[in-house]
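Visitor: First the structure, then my questions, so here it is.
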Amino acid sequence: MSEIDKKIVNDFVNNKIEFVTTVPCKQLAGVIDEIDSNDSIYHIPSNKEDEGIGLCAGAFMGGKRSAIIMQNTAIGVTVNTLVTLTQFYRLPLPMLISYRGELGEPVACQVEMAVHTKALLAQLHIPTYHFHNEDDVNELDAILKHTFMCNKPVAILTDATFWKGY
Amino acid sequence: MIRSEVLKNLIPVISDHFVVCNIGLPSQELHLMDDQPTNFYMLGTMGLSSSIGLGVALAQKQKVISIDGDGSVLTNFGTLPTIANNVADNFILLIIDNGSYGSTGDQPTYAGMKTSLTNVARACGCENVIECDAEDAVSTMQVALDSNKMTIIVCKCESGNIKVPVIEMDPVVIRDRFMRELESRNA
Ligand SMILES: [Mg+2]
C-alpha cells in the first residue's frame, strides 16, 4: 500500500468517517485494501453505486459519517439517488472517485464516460475537486470538512496521473 | 387482504420501532395511519428502502424495520447479497409482496409470476427468511422482533390500493426528527 492510500484513509479517520462503501476500481485498489484493514471503519462493499449511496444515507442517519468509493463510469447510475435522496434530504456524502478515461488511459471506452463526468457533476451542482498532481491530496482534509459542513454530496475525482499510471 | 390492511394490522407491533418505508403508497399509508418521528418516509429513490434500513441498523443499536415491496426489491436485487453478508441482528426486512407495482397502477411484477423472492433471498445467503400470508404478518413480525436475529419476511398479499394523500412534509424535517429520535433512544 502506498503512502497516498494511507494518507487518504488517515484523513477519513481523522474526519470521523466510520462507514465506507466501495465498488472496486483498479486505481483505488490500494485505498480499498487500506479501508478494509482499518479497525475504525466498517467496510461494506456494495453491488451497485446507488445501493451504496442508500447504505451511506442510512449509516449517516444512524450516527456514523459515511463515504463512497467508486468509478466515474457509475455516475450515470447514481443520478436519481444523488438528487432524490442525498440532496433532497440534505445528507453529506464524500465521493472518492477514480477518474478513468483521462491521460494515460489504455481503454478507449473509459473516455466515453470521462467526457461526461464533469458536465454531469456540474449539472447536479455537486462541488467537484480534481486530484491530478500528487500534492493535490493535501486538500482532502479540507474537502472532507467542507462536505460535513455543507451537508452535500461532494466529488473528488482522482485521475491516472495522480495515481502515477496503473 | 391488501397492503394497506397489512400495514394497519402491523402498526401496534412496529409502532415502537424505527421504520424505513418504501416510496409511494406504502409511505403515504403509514404516514396517514401512524405518523411519528420513528418513521423515515422515502419520497423518491425507488428500491433503496432495504439499503437505507441496513445502513441505519449497522450504525447503531435500535431495531430497524425496512418496509419494502416486491417491485422495489426487484429494482435493487443487489441488496440481498449485501444484507446476507453484513448481518445486523437489529434489522428486519419486510417485503410486502403483492405481485404488482402498486404505486404505479398495479402492473404485474415477476415476483407474482415464476420468481420467488423467498428463494432468491435464501440463495443470496440470507439466513432467516420467512414467507407468510397476509393474515400471519403480525405474528411473524412479532416472532422476528423477539428473535433478535436479522430476518427477512416475505409477506404475500393481494394487490390493490386505497386512496391516500401525498406526504407534504419537508424531507429535511422527516430526516431531522428521525435522527433526533434515534439519538435520544441511543443515549
Ligand atoms: Mg408490490
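Visitor: Return only the number of the condition from (1) more than 14 Å from chain B (Cβ to nearest Cβ); (2) farther than 17 Å from A:Met149 by Cα; (3) in a helix (DSSP H, G or I); (4) touching a residue at least 12 places away in the same chain (Cβ under 8 Å) that A:Leu96 does not satisfy.
Guide: (3)
Visitor: Do the conditions hold for B:Asp34, that is, is it of a type in the set (Asp, Glu), touching a residue at least 12 places away in the same chain (Cβ under 8 Å) and within 16 Å of the ligand (Cβ to nearest atom)?
Guide: Details: of a type in the set (Asp, Glu): yes; touching a residue at least 12 places away in the same chain (Cβ under 8 Å): yes; within 16 Å of the ligand (Cβ to nearest atom): no.
No: the conditions fail for B:Asp34.
Visitor: Another question, if that's okay. Among the residues of segment B:101-123, write down those that are among the hydrophobic types (A, V, I, L, M, F, W, C) and near the ligand (Cβ under 8 Å from one of its atoms).
Guide: B:Ala111
Visitor: Taking the conditions exactly as written (at the interface with another protein chain (Cβ under 8 Å from one of its Cβ atoms), crowded, with 18+ Cβ neighbours inside 10 Å and at pLDDT 95 or above), does B:Asn76 satisfy them or not?
Guide: Considered against the rule, which asks whether it is at the interface with another protein chain (Cβ under 8 Å from one of its Cβ atoms), crowded, with 18+ Cβ neighbours inside 10 Å and at pLDDT 95 or above, B:Asn76 comes out as yes.
Visitor: Please indicate, with yes or no, whether at least one residue in segment B:143-158 is within 16 Å of the ligand (Cβ to nearest atom), more than 14 Å from chain A (Cβ to nearest Cβ) and among the hydroxyl-bearing types (Ser, Thr, Tyr). Break it down into steps so the answer makes sense when it comes.
Guide: From segment B:143-158, those within 16 Å of the ligand (Cβ to nearest atom) are B:152-158; that's our starting set.
Right, trim to more than 14 Å from chain A (Cβ to nearest Cβ) and you get B:152-158.
From what's left, among the hydroxyl-bearing types (Ser, Thr, Tyr): none.
Checking segment B:143-158: not a single residue is within 16 Å of the ligand (Cβ to nearest atom), more than 14 Å from chain A (Cβ to nearest Cβ) and among the hydroxyl-bearing types (Ser, Thr, Tyr).
Visitor: Restricting attention to segment A:11-27, which residues are under 13 Å from A:Gln71 (Cα atoms) and either assigned to a helix (DSSP H, G or I) or at pLDDT 95 or above (or both)?
Guide: Result: A:Thr21, A:Thr22, A:Val23.
Visitor: Looking at segment B:51-95, which of its residues are within 16 Å of the ligand (Cβ to nearest atom), of a type in the set (A, V, I, L, M) and under 20 Å from B:Ser147 (Cα atoms)?
Guide: B:Ile67, B:Leu93, B:Leu94, B:Ile95
Visitor: Can you tell me how many residues in segment B:1-11 are in contact (Cβ under 8 Å) with a residue 60 or more places away in the chain and either part of a helix (DSSP H, G or I) or crowded, with 20+ Cβ neighbours inside 10 Å (or both)?
Guide: Counting residues in segment B:1-11 that are in contact (Cβ under 8 Å) with a residue 60 or more places away in the chain and either part of a helix (DSSP H, G or I) or crowded, with 20+ Cβ neighbours inside 10 Å (or both) gives 7.
Visitor: Taking only segment A:34-84 into account, find how many residues are part of a loop (DSSP other than H, G, I, E, B) and under 16 Å from B:Asn76 (Cβ atoms).
Guide: 3
Visitor: Same structure again: Considering segment B:162-174 alone, what residues qualify as being under 25 Å from B:Val6 (Cα atoms) and facing chain A (nearest Cβ under 10 Å)?
Guide: If the condition is that a residue be under 25 Å from B:Val6 (Cα atoms) and facing chain A (nearest Cβ under 10 Å), then B:Ile174 is the only one that fits.
Visitor: While we're here: Considering (1) farther than 20 Å from A:Asn80 by Cβ; (2) touching a residue at least 40 places away in the same chain (Cβ under 8 Å); (3) in a strand (DSSP E or B), say which one A:Ile8 fails and leave the rest.
Guide: Condition not satisfied by A:Ile8: (3).
The values are calculated or read from the model by the stated rules, or taken from the named source; none is laboratory data. Worth saying up front: this structure is predicted, and the values here are computed from it rather than measured. Please note: Cβ atoms are built from the backbone with ideal geometry, for glycine as well, and neighbour counts cover all protein chains shown.
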